[in-house]
Amino acid sequence: MSSLQAIRGTRDILPAESPLWATIEGLSRQALNQFAYREIRTPIFEQTELFARGIGEATDAVGKEMYSFEDRGGRSIALRPEITAGLVRAFIQNKLFALGGVQRLWHLGPAFRYERPQAGRQRQFHQLDVEILGSRDPRADVEIIAIATQILNTLGLTALTLDLNSVGSGEDRQTYRDALVSYFTPYQDELDEDSRDRLTRNPLRILDSKDKRTQEIVVDAPSLLDYLSEDSQRHFDGVQQHLTNLGIPFNINPRLVRGLDYYTHTAFEIQSSDLGAQATVCGGGRYDGLVAQLGGPDTPAIGFGMGLERLIILLEQMERYSTVPELDVYLISRGEKAEFQSAQLANQLRKHGYSVEVDLSGSAFGKQFKRADRSGAVVGLILGDAEAESGKVQLKWLASGEQDELSQSELINQADELKLQIAQKRS
């Protein structure tokens, strides 16, 4: 056995799993089409400076977890730790803002962070990213939340909780940062190591510390909601009103802060309790200053990221979807002439929309029949020397064992009718 292994924190998506991945991707694409979003694809690596400037060097994603290296040209390159910054870079570089109006974009692909691998959290992970660029309207915030909710509901996740907060404008946040530093400084020696480091670099992140003693201290910390300006409060009130109008329930969570520096105003997370314990399946927020910060025109924006690995775990444990692709026909043949005809017959059936697996083993009929029974196909087609000579084929309904003989030309002429019968048997 080879000693070569997948790198720690990465994993192979095997054929038994890939249908579930395809289901999530397909249903997400359908929902996004309904909301008139367009797909964009960006490189998995960018200049390190993009993430340092856009996300913030004091964030864990950049300061601790980012894969960065110097390429052969002496340039500092990084594997993307998240997707939004690269999408904004593409928006600026390709002058998508010149199209005018609101740009609704989505992206699906891998991102990379060096962190401790665990269930649902890998060093290479996959994320669905959905963004609106060009609107300050609270309705844009609500549209983003509504899309995320629809995708999760369509996948069968219904026990969802939406946590909502406002992190205000840059000015609001600076005032709040000062208040947090004043509050936490007397407790400095009692905070966990990460929180002590964050006290001067990024004090808002102390609010989502998982350390028990730090959480106790956080209970009485000032609330960001008390530091919102009139404009920020008006925007937040508008978001809440529109969510109420759409019948989307939410909880105000004044301790909710997102881990990246670019967020402004609305911040949210969606959690699922379908498996008992709360599990965050989606998070996002508004980032009105990021486009200008990266050299583009002043462009308000909001979006979310949804981790596919976490969804896969949820759906596998709920057993909502079959991981076996639907197969219409398993084609069994033995003998040189029969095997030649089987390839032609399979090709003709596929042109009529059938999914067909041809047994290529050349083994005895008994072994091929066993594989046909395990394949999940509805129909078995059997070609031996006798059938090849006479232009016939044996058609066997694999579940019941019923079997008929008909000519190969007859089979093709009745292909559409047979497809309906297969659909009825499967249902």
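Taken together, the values in this text are just the output of simple stated rules run on the coordinates, not laboratory data. Keep in mind that what you see is a predicted model, and the values were worked out from it rather than measured. Quick reminder, even Gly has a Cβ in these numbers, built from the backbone with ideal geometry, and neighbours come from all protein chains shown.
Per-structure values
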quantity: Residues in the range 292-328 reached by a label modelled at THR154 [backbone nitrogen below 15 Å; 7 Å Cα→Cβ]; calculated: 306
quantity: Under the Debye formula (equal points on every Cα, no solvent term), log10 I(q)/I(0) of the range 329-426 at q = 0.14, 0.23 Å⁻¹; calculated: -0.44, -1.33
quantity: Relative packing of peptides 199-208, 265-274 - highest average C-beta neighbours within 10 Å first; calculated: 265-274, 199-208
quantity: Student exercise, the range 149-284 dipole from Lys, Arg, Asp, Glu Cβ charges, in Debye to nearest 20; calculated: 240 debye
quantity: Cα→Cβ-extended label distance, 7 Å offset, between LYS370 and ARG116, nm; calculated: 4.6 nm
quantity: Principal-axis tilt of helix 84-93 within the chain, Cα atoms, nearest 10 degrees; calculated: 90 degrees
quantity: Partners for LYS370 among aspartates and glutamates (Cα-Cα distance below 12 Å; same-chain residues under 8 apart left out); calculated: ASP359
quantity: Rounded to the nearest 20 debye, dipole of the chain from Cβ charges on Lys, Arg, Asp, Glu; calculated: 620 debye
quantity: Net dipole in debye of the range 329-426 [+1 Lys, Arg Cβ; -1 Asp, Glu Cβ; about Cα centre; nearest 20]; calculated: 440 debye
quantity: Which of VAL88, ALA98, ILE77, positive extreme of dipole for the range 42-160 (C-beta unit charges); calculated: ILE77
quantity: Note, ³J(HN,Hα) from phi for the range 392-402, Karplus 6.51, -1.76, 1.60, rounded to Hz, x at Gly and Pro; calculated: 9, 8, 8, 10, 10, 7, 5, 6, 9, x, 4
quantity: Among GLN30, GLN348, GLN293: highest mean-square fluctuation, GNM of the chain, C-alpha pairs under 10 Å; calculated: GLN348
quantity: By average C-beta atoms within 10 angstrom, highest first, the peptides 154-165, 279-290, 303-314; calculated: 279-290, 303-314, 154-165
quantity: Principal-axis tilt of helix 138-154 within the chain, Cα atoms, nearest 10 degrees; calculated: 30 degrees
quantity: Tilt relative to the chain, helix 415-426 - C-alpha long axis, 0 to 90 degrees, to 10; calculated: 60 degrees
quantity: Helical contribution to [θ] at 222 nm, DSSP H n ≥ 4, -39,500 (n - 2.57), averaged over the chain, rounded to 500; calculated: -11500 deg cm²/dmol
quantity: Cubic angstrom per residue, convex hull over Cα atoms of the chain; calculated: 210 Å³
quantity: Compactness index (Cα Rg / 2.2 N^0.38 Å), the range 120-262; calculated: 1.18
